[in-house]
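The block underneath contains the structure these notes are about, expressed in structure tokens.
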Amino acid sequence: QVQLVESGGGFVRPGGSLRLSCAASGFSSGLTFSMHSMGWFRQVPGTEREFVAFITWSGDSTHYADSVKGRFTISRDNAKNTLYLQMNSLKPEDTAIYYCAARAQNFYSNYVATETVEYDYWGQGTQVTVSS
């Protein structure tokens, strides 16, 4: 069973930075982390989970929500089975639980997936709080 474990969340002042990591493991025989497109989502309690960023299996292509474009950067290290989200110029409205997700469909595809239903595996989430 695929496991995704996020880390790196915490408390930061407005304008600060955080780097989230997502360690992936447990892939079935014949499948690897590098075959999966990955995404970051976030959720404020009582609201729907929203898309933040997407990266293709190779890391060659990325896509961002308008609200984070220019401030957040998604990346991956396939040799380390790890996904990252560098968050700069953080704002109070970025406060949420951040989740990483893996898409176990259309391996090696460059299709941009931005909906939660398009992902098959989820981490437990890491809290990010931005406040003065």
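The values are calculated or read from the model by the stated rules, or taken from the named source; none is laboratory data. These numbers come from a predicted model, not from an experiment. All Cβ positions, glycine included, derive from the backbone under ideal geometry; neighbour counts span all protein chains shown. Accessible surface is based on the protein model in full, side chains and every heavy atom, while ligands, DNA and RNA are left aside. Shrake-Rupley method; radii C 1.70, N 1.55, O 1.52, S 1.80 Å.
Taken over region 50-70, the criterion of being hydroxyl-bearing (Ser, Thr, Tyr), open to solvent by 50 Å² or more (accessible area, probe 1.4 Å) and either in contact with a Lys or Arg (Cβ under 6 Å, 6 or more places away or on another chain) or within 22 Å of VAL12 (Cα to Cα) (or both) is satisfied by SER67 alone.
Does PRO45 fit the bill of being of a type outside the set (S, T, N, Q), farther than 19 Å from LEU4 by Cα, open to solvent by 50 Å² or more (accessible area, probe 1.4 Å) and modelled with pLDDT under 95? Considered against the rule, which asks whether it is of a type outside the set (S, T, N, Q), farther than 19 Å from LEU4 by Cα, open to solvent by 50 Å² or more (accessible area, probe 1.4 Å) and modelled with pLDDT under 95, PRO45 comes out as yes.
When you look at THR126, is it open to solvent by 30 Å² or more (accessible area, probe 1.4 Å) and polar (S, T, N, Q), yes or no? No; evaluated as a whole, the condition is false for this residue.
Let me confirm something: among GLY10, GLY39, GLY15, which residue is modelled with pLDDT of 95 or more and in contact with an Asp or Glu (Cβ under 9 Å, 6 or more places away or on another chain)? None of the others qualify; the one that does is GLY39.
Determine whether PHE41 is among the hydrophobic types (A, V, I, L, M, F, W, C), touching a helix residue (DSSP H, G or I) at 6+ places or on another chain (Cβ under 7 Å) and under 26 Å from TYR108 (Cα atoms). In short, yes.
A single member of GLY70, GLY16 is in contact with a strand residue (DSSP E or B) (Cβ under 9 Å, 6 or more places away or on another chain), assigned to a loop (DSSP other than H, G, I, E, B) and over 22 Å from ASN110 (Cα atoms), and it is GLY16.
Figure legend. Inter-residue proximity from region 31-52: first residues of a type in the set (S, T, N, Q), second residues in a strand (DSSP E or B), beta-carbon distance below 8 Å, spacing 6+ or different chains. Indicated pairs: SER37/PHE54; SER37/ILE55; SER37/ALA102; SER37/ARG103; GLN43/GLU50; GLN43/ALA96; GLN43/ILE97; GLN43/TYR99.
This table checks each residue for (1) open to solvent by less than 20 Å² (accessible area, probe 1.4 Å); (2) among the aliphatic types (A, V, I, L, M); (3) over 21 Å from GLN127 (Cα atoms); (4) within 16 Å of the chain's Cα centre (by Cα).
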residue	(1), (2), (3), (4)
PHE72	yes, no, no, yes
TYR84	no, no, no, yes
ILE97	no, yes, no, yes
ALA101	yes, yes, no, yes
ALA104	no, yes, yes, yes
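Could you say whether any residue in region 77-91 is over 18 Å from GLY10 (Cα atoms), touching a residue at least 12 places away in the same chain (Cβ under 8 Å) and hydroxyl-bearing (Ser, Thr, Tyr)? Scanning region 77-91, I find at least one residue that is over 18 Å from GLY10 (Cα atoms), touching a residue at least 12 places away in the same chain (Cβ under 8 Å) and hydroxyl-bearing (Ser, Thr, Tyr), so the answer is yes. Every test in (1) more than 20 Å from VAL2 (Cβ to Cβ); (2) buried (at least 16 other Cβ atoms within 10 Å of the Cβ); (3) out of contact with any strand residue (DSSP E or B) (no Cβ under 9 Å at 6 or more places or on another chain) is passed by MET35 save one, and that test is (1).
Only residues that are farther than 29 Å from ALA104 by Cα and not in a strand (DSSP E or B) were counted in region 1-13, giving 1.
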